[in-house]
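See structure below.
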Amino acid sequence: MAVCKQKISNTENCDREEYKDGLCIIHHDSNDKPDGLFRRIIRDDLYRGFYNFSYMISYEGFNFEGLKVEKNADLLFRNSSFYGPFVIRNYDLQASLDFTDSDFDSGIIINMSNVHKCIILKNSKINMDFNMSLSNLYSIDADNITIDCNFNMSNTDIIDKLKFNHTYFKNNFSLLNASLQGDASFENIIIEGDADFRNIKFYKSLKFENVEIKGSTIPIEIAKNKNIEFKNVVINGVLIEDNQKEKKEKEKREKELEKIKEAKDNISKETLLKYSKKK
């Protein structure tokens, strides 16, 4: 039996059976694969505990319906191309998802689902749809991604960290009714469309740095919220250079005063000690 020649990591080769041209059905670049065979191979991989789907080329996308994934698994979709939508709907996934260097021509949809480990999106491009609404997600780490569609994370709970860095949002952005239970940050961001932060709740920190929102932002009062850190942010046409500057200066003065008080107390103690010895 011939085996696929595709490398799936620096130290690992794919061990699936060859489908055509020295490649397995997962890695072969063609849109005429037999109906159901692609999904059957994925199902068998998951059954045998094999979770590295790196360099996947899928014209039919990916759907978790009917698939069983082991608890605490790490699913790798690095360097993959999804020409059909990647969908998780009404599913409880107790695993992580790593999409480093992967592209989604027809979008990524995680809807009404639970993902119990980290979602990683790095060096990726997403077209058509980015929808992670109505879900409970453990954490998201996104860096250097382009989102050429609407971004929707409304009515979603993020249990741990939420981080977007060096991200371009071509259309609208929504965190309507989102609940951010860990630290959340948006750094080096451009949003071409409108941004919706209505009823957003955050329990630790929420930071925006080097962010430009070109459309309108609601609610307009968000720019006045001192509990949110804004640094070099353009929101509703207004530049906020550093809304924490006064707070930081006040904390600095208080620390300096505390040091002066501590020094005075030490001097007084030393003086009293010398005086008592003379007696």
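The values are calculated or read from the model by the stated rules, or taken from the named source; none is laboratory data. Model, not experiment: these values are computed from the prediction. Virtual Cβ from ideal backbone geometry, glycine too; neighbours counted across all protein chains shown. With ligands, DNA and RNA removed, areas are computed over all heavy atoms of the protein, side chains included. Shrake-Rupley method; radii C 1.70, N 1.55, O 1.52, S 1.80 Å.
Checking the stated criteria, ASN165 turns out not to satisfy the condition of being at pLDDT 95 or above, more than 16 Å from ILE108 (Cα to Cα), surrounded by fewer than 17 Cβ atoms within 10 Å (Cβ to Cβ) and within 14 Å of the chain's Cα centre (by Cα).
A quick yes/no check of all residues on (1) among the hydrophobic types (A, V, I, L, M, F, W, C); (2) crowded, with 18+ Cβ neighbours inside 10 Å; (3) closer than 23 Å to LYS201 by Cα:
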site	(1), (2), (3)
ASP92	no, no, no
ILE109	yes, yes, yes
CYS118	yes, no, yes
SER124	no, yes, no
MET128	yes, no, no
LEU137	yes, yes, yes
CYS149	yes, yes, no
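A Cβ distance below 8 Å, combined with a sequence gap of six or more or placement on separate chains, defines the contacts here; from region 210-231, residues that are touching a residue at least 40 places away in the same chain (Cβ under 8 Å) reach residues that are of a type in the set (Val, Ile, Thr) and buried (at least 16 other Cβ atoms within 10 Å of the Cβ) in the pairs ILE213/ILE191; ILE213/VAL233; ILE213/VAL234; ILE213/ILE235; GLY215/ILE191. SER54 fulfils the conditions (1) modelled with pLDDT under 95; (2) part of a loop (DSSP other than H, G, I, E, B) except for a single criterion, (1). When region 168-180 is examined, which residues are found to be in a strand (DSSP E or B) and open to solvent by less than 60 Å² (accessible area, probe 1.4 Å)? Once the filter is applied, which keeps residues that are in a strand (DSSP E or B) and open to solvent by less than 60 Å² (accessible area, probe 1.4 Å), region 168-180 yields PHE169, PHE173, SER174, SER179, LEU180. Mind counting the residues in region 181-226 that are open to solvent by less than 70 Å² (accessible area, probe 1.4 Å) and touching a Pro at 6+ places or on another chain (Cβ under 8 Å)? Result for region 181-226: 1. Kindly indicate whether any position in region 214-224 is under 16 Å from the mean Cα position of the chain (by Cα), in a strand (DSSP E or B), of a type outside the set (S, T, N, Q) and over 21 Å from LEU137 (Cβ atoms). No, the conditions are met nowhere in region 214-224. Applying the criterion of being part of a loop (DSSP other than H, G, I, E, B) and among the hydroxyl-bearing types (Ser, Thr, Tyr) to the residues of region 94-107, the residue that is least open to solvent (accessible area, probe 1.4 Å) is SER102.
For region 80-90, the candidate set comprises residues that are open to solvent by 60 Å² or more (accessible area, probe 1.4 Å) and not in a strand (DSSP E or B); within that set, the residue that is farthest from ILE25 (Cα to Cα) is ASN90.
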